[in-house]
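One structure below.
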Amino acid sequence: MPRVFISAAHKSSGKTTLTLGLCAALHARGHAVQPFKKGPDYIDPLWLGMAAQRPCYNLDFHMMQRREIEQQFVRNAANARISLIEGNKGLYDGLDLDGSNSNAALAKLLGAPVVLVIDARGMTRGVAPLILGYQAFDRDIRIAGVILNNLGGSRHESKLRAVIEHYTDVEVIGAVQHDASMQIAERHLGLVPANEQDAARTRIRHVGERVAAQVDLDRLLAIADSAPGLDAPLEPDSTPSAGRLRIGIAHDQAFGFYYSEDLDSLRAAGVELVDIDTLHAAALPEVDGLVIGGGFPEMFMAELEANVPLRTQIRNAIEGGLPTYAECGGLMYLSKSLSWQGRTCEMVGVVPGNTVMHERPVGRGYARLQPTGDDRWQESAPIPAHEFHYSSLENLPADSIYAYQVKRGHGIDGQHDGYQLHNLLAGYVHRRGTGAQGWIAPFLNQVRAHKARAAA
């Protein structure tokens, strides 16, 4: 399984843009490229997957066991010519002092050689001690090459190459000049609307062409081929069959934060996923359950408000007992109203609170939940999660029933998350669906039970 870990000395080094370009360039050469992303992010994987023309999979120490990470990697890397694992932040950055959840720890776990992206703006001779320090900090990490980024011209490139060659034994496999046309604005790294996919593909193709012209792809493939064998035999898929179930899933410009692994697991369980366009669908299809993931509903709140028939049908279905799971943007959509930039729009209204957007994040980072005992999904062990929301849910009734106590993070009110009503569970945190603490198994239990009651 040829593989390379793309990391950086620090965040905002251009690592994601370069990885995107590498995926596109290698795919254009006819190679099967499997992208992975360290961390719980939804946004970068959407673009990496589009560039590679294969779903991108997340690898995260907080949300997954080490064995699960290995299995996730082996399962999806097995039939690829090369796997590119994009790190988050810097190579040695992580939550714990010992680095047990760092990018370096993931590279070590997967036996992946590292290509270090270095933002070389304003840098000359200082690049050498930086590289030497990263090599010396953990001798078990093999830094097999560097890609210099944001160079100021050919003279700048020549100086850096001479310094690195003189002081280090690390190979420069790429030197990318500063190029504003390669930059992708932060907002545009979000969901790719269906009517903008051609523009996104054009941008990806351009970035791929620029990277191909400035990075030695043959050397990158050779580095990937030098990765040692990975002693992690693929285990059989343990996803239990869900029977014949149709699950509606909000999938459009406003909603689309779903892990590729979770969609795979649902399909492997025999679930038929029915995409729902919340902006344009005139009616809720016949489904046994409903999932509304995260996204940017505030960007499309006028269109969501205008689709009165669908909002009404969703509210009536949930009040009638339709099992529904919603995360973050999905929770916002199910609330009574959404206020942003001086405007308020009506939403579904099944959650009796009002969503208000703020300038700064309300909840951000890893979270951990403890089931309250009042949770209708009857979960037990602590649940790892993460959150990133700029909104708060206000005016919820004092007697609201919550599924979880927040042990780390913010959730709905700093203490609770997982608002429950009928067969609805809606919260701010994002959870992994697959695995022992995932949301898929208990949700499907609810769906099956409700379907059986309806048929009785």
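None of the figures in this text is laboratory data; all of them are computed from the coordinates on show. The structure displayed is predicted, hence computed values, not measured ones. Backbone-built Cβ (ideal geometry, glycine too); neighbour counts: all protein chains shown.
Give the residue from GLN214, VAL274, LEU110 lying farthest towards the positive end of the charge dipole for the chain; charges sit on Cβ (+1 for Lys and Arg, -1 for Asp and Glu) and the dipole is referred to the Cα centre. Working it through, the farthest residue towards the positive pole turns out to be GLN214.
Normalised by the number of residues in region 3-225, the mean separation of alpha-carbon contacts (under 8 Å, six or more apart) gives a relative contact order of 27 percent. Spacing of the modelled spin labels on ARG244 and GLU272, each 7 Å from Cα toward Cβ, amounts to 0.8 nm.
When you restrict to C-alpha pairs under 8 Å that are six or more residues apart and normalise by the size of the chain, the relative contact order lands at 12 percent.
With the Cα gyration tensor of region 308-361 in hand, convert its eigenvalues to equivalent ellipsoid semi-axes via √(5λ) and list them largest first in whole Å.
Details: eigenvalues 96, 31, 11 Å².
Value: 22, 12, 7 Å, ordered largest first.
With semi-axes defined as the square roots of five times the eigenvalues of the C-alpha gyration tensor, the equivalent ellipsoid of region 245-455 measures 23, 22, 16 Å, largest first. Between region 372-401 and region 231-293, the C-alpha centres lie 22 angstrom from each other. When only Cα pairs below 8 angstrom with a gap of at least 6 residues are kept, region 25-93 shows a relative contact order of 41 percent. Dividing the summed -39500 (n - 2.57) terms of all DSSP H runs of n ≥ 4 by the residue count of the chain sets its mean residue ellipticity at 222 nm at -9500 deg cm²/dmol.
Two numbers describe the Cα atoms of the chain: Rg and Dmax, which are 23.1, 78 Å. Among ARG203, ARG81, the ranking by other beta carbons within 10 Å of each residue's beta carbon, starting with the fewest, stands as ARG81, ARG203.
Could you give the dipole magnitude of region 286-380 about its Cα centre, charging the beta-carbon of Lys and Arg +1 and that of Asp and Glu -1, in debye to the nearest 20?
Details: 8 positive and 12 negative charges, 65 e Å.
The dipole of region 286-380 has a size of about 320 debye.
With only Lys, Arg, Asp and Glu charged, each at its Cβ (+1 for the first two, -1 for the last two), find how big the charge dipole of region 3-225 is about the Cα centre; round to the nearest 20 debye. Display every interim value, and only then the final one.
Numbers: 26 positive and 24 negative charges, 53 e Å.
That gives region 3-225 a dipole magnitude of about 260 debye.
Spatial offset of region 336-353 relative to region 201-216 amounts to 42 Å, using the alpha carbon center of each. Projecting the Cα atoms of GLN34, PRO129, ASN101 onto the dipole axis of region 1-136, where Lys and Arg carry +1 and Asp and Glu carry -1 at the beta carbon, places GLN34 farthest toward the positive end. Potential lengthening of the chain between ALA199 and HIS422 amounts to 76.1 nm, from the contour at 0.36 nm per residue minus the alpha-carbon distance. Each label point was placed 7 Å from the Cα along the Cα-to-Cβ direction; for SER154 and PHE137 their separation is 3.5 nm.
Take the cross-link list LYS336/LYS407; LYS108/LYS159; LYS37/LYS89; LYS11/LYS108; LYS89/LYS159; LYS108/LYS407 and give me the ones stretching past 23 Å between alpha-carbons.
Values: LYS336/LYS407 27 Å; LYS108/LYS159 32 Å; LYS37/LYS89 12 Å; LYS11/LYS108 20 Å; LYS89/LYS159 26 Å; LYS108/LYS407 30 Å.
In this structure, LYS336/LYS407; LYS108/LYS159; LYS89/LYS159; LYS108/LYS407 lie more than 23 Å apart at Cα.
Percent of Cα-Cα pairs more than 18 Å apart in region 1-156, please. Summing the P(r) of region 1-156 above 18 Å gives 56 percent of all pairs.
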